[in-house]
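Report on the structure given below.
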């Protein structure tokens, strides 16, 4: 099953933008994808920005692709996640580009 990491803005947004993350995760799961949604994570022991980033990057590297939520360009963390995904050869999409069901592994 293809694993997709969701990336987008959180800091400074109402409810940390969790509703948008959860809605997109639900939509992608209905299409048959395994979704790594950082909005579903428990808080790390180190609750600084770097603590959350360490958790997110560990999650990201387990994935095949990254789906960028609206506003990601305005988020330092999401831009970094996109950069790392690109450097690792992952497919990078805007979340809205993903409209087809996941393909089964052969």
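The values are calculated or read from the model by the stated rules, or taken from the named source; none is laboratory data. Quick caveat, the model's predicted, so the values are computed rather than measured. FYI the Cβ positions are ideal-geometry reconstructions off the backbone, even for glycines, and counts take in every protein chain you see.
Flag: residue 86 matches the condition of being without any contact (Cβ under 8 Å) to a residue 60 or more places away in the chain, within 13 Å of residue 5 (Cα to Cα) and more than 13 Å from the chain's Cα centre (by Cα).
Residues in the stretch 47-67 that are in contact with a helix residue (DSSP H, G or I) (Cβ under 9 Å, 6 or more places away or on another chain) and either part of a helix (DSSP H, G or I) or under 14 Å from residue 83 (Cβ atoms) (or both): 49, 52, 53, 55, 56, 57, 59, 60, 61, 66. Considering the conditions (1) surrounded by 12 or more Cβ atoms within 10 Å (Cβ to Cβ); (2) at pLDDT 95 or above, residue 44 is excluded by exactly one of them, (2).
Considering 44, 70, the condition of being farther than 12 Å from residue 6 by Cα and not in a helix (DSSP H, G or I) is satisfied by 44 alone. One residue stands out among those in the stretch 1-17 that are touching a helix residue (DSSP H, G or I) at 6+ places or on another chain (Cβ under 7 Å) and under 14 Å from residue 60 (Cβ atoms): the one that is surrounded by the fewest Cβ atoms within 10 Å (Cβ to Cβ), which is 8.
For the stretch 18-33, the condition of being surrounded by 13 or more Cβ atoms within 10 Å (Cβ to Cβ), touching a residue at least 40 places away in the same chain (Cβ under 8 Å), touching a strand residue (DSSP E or B) at 6+ places or on another chain (Cβ under 7 Å) and outside any helix (DSSP H, G or I) holds for at least one residue.
Can you find a residue that is modelled with pLDDT of 95 or more, within 18 Å of residue 25 (Cβ to Cβ) and assigned to a loop (DSSP other than H, G, I, E, B) anywhere in the stretch 76-85? No, that holds for no residue.
For the residues 20, 25, the requirement of being under 12 Å from the mean Cα position of the chain (by Cα) and closer than 24 Å to residue 87 by Cα singles out 25.
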